[in-house]
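> One structure follows; several queries about it will come next.
The values are calculated or read from the model by the stated rules, or taken from the named source; none is laboratory data. Values in this document were obtained by computation on a predicted structure and should not be read as measured data. All Cβ positions, even for glycine, are placed from backbone atoms using ideal geometry, and neighbour counts span all protein chains on display.
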Amino acid sequence: MGAGMLEEFKKFISRGNVVDLAVGIIIGAAFTGIVNSLVKDVLTPPIGWLMGGIDFSNHFINLSGGRYDSLAAAEAAGAATVNYGRFLNNVINFLIVAAALFVLVRQLIRFRLVEAAKPKPRPAEEVLLEEIRDLLRAGLARKADGTDPPPPPLR
């Protein structure tokens, strides 16, 4: 049973869909780092500046009752907090990833539609059979005894 299961696993793991999924996950993980940096280092500072110097990542609601000047101080003290600033950053991350995937999928669909619209070459056998049919219709084919065939029927 173990060897059969191992062979089945080898077949499963070497299928194209599984390999494509693994590549997608790896690229997605790398893309996540880029998106996180884009949000944290590029988008959030100007938004915070426009809103009067607000830093989303440091916004929290303290549930412990103490007074803390920063989220880091509250976390260091072990205070219970609702970190809505981090949540907002994650929402922005999600929107950026969703927009990027939308553009990517839209382009893939467009490329597939272009490929599907291209005329496919007809099989050589079909072309040959059509040529033979056309010759027979035109009355150019000769009988085996060398006499002319009767004229093609009128349509």
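> Here are the criteria: (1) of a type in the set (Val, Ile, Thr); (2) under 23 Å from Ala98 (Cα atoms); (3) surrounded by 15 or more Cβ atoms within 10 Å (Cβ to Cβ); (4) free of Cβ contacts under 8 Å to residues at least 24 places away in the same chain. Tell me which single one Val39 does not satisfy.
Among (1) of a type in the set (Val, Ile, Thr); (2) under 23 Å from Ala98 (Cα atoms); (3) surrounded by 15 or more Cβ atoms within 10 Å (Cβ to Cβ); (4) free of Cβ contacts under 8 Å to residues at least 24 places away in the same chain, the lone unmet condition for Val39 is (4).
> A follow-up question, please. Conditions: (1) modelled with pLDDT under 85; (2) surrounded by 10 or more Cβ atoms within 10 Å (Cβ to Cβ). Phe60 meets all but one. Number of the miss?
Answer for Phe60: the failing condition is (1).
> Which of the residues spanning segment 1-43 are farther than 30 Å from Arg86 by Cβ and among the aromatic types (Phe, Trp, Tyr)?
Once the filter is applied, which keeps residues that are farther than 30 Å from Arg86 by Cβ and among the aromatic types (Phe, Trp, Tyr), segment 1-43 yields Phe9, Phe12.
> Can you spot a residue in segment 102-112 that is touching a helix residue (DSSP H, G or I) at 6+ places or on another chain (Cβ under 9 Å) and in a helix (DSSP H, G or I)?
no
> For Arg67, which of the numbered conditions (1) more than 16 Å from the chain's Cα centre (by Cα); (2) among the charged types (D, E, K, R); (3) not in a loop (DSSP other than H, G, I, E, B) fails to hold?
The single condition Arg67 does not satisfy is (3).
> Answer yes if at least one residue in segment 82-94 is surrounded by 11 or more Cβ atoms within 10 Å (Cβ to Cβ), touching a strand residue (DSSP E or B) at 6+ places or on another chain (Cβ under 6 Å) and either outside any helix (DSSP H, G or I) or touching a residue at least 12 places away in the same chain (Cβ under 8 Å) (or both), and no otherwise.
Looking for residues that are surrounded by 11 or more Cβ atoms within 10 Å (Cβ to Cβ), touching a strand residue (DSSP E or B) at 6+ places or on another chain (Cβ under 6 Å) and either outside any helix (DSSP H, G or I) or touching a residue at least 12 places away in the same chain (Cβ under 8 Å) (or both), one finds at least one in segment 82-94, hence yes.
> Taking Leu71 as the residue in question, decide whether it is without any contact (Cβ under 8 Å) to a residue 24 or more places away in the chain and surrounded by 15 or more Cβ atoms within 10 Å (Cβ to Cβ).
So Leu71 fits the description; yes.
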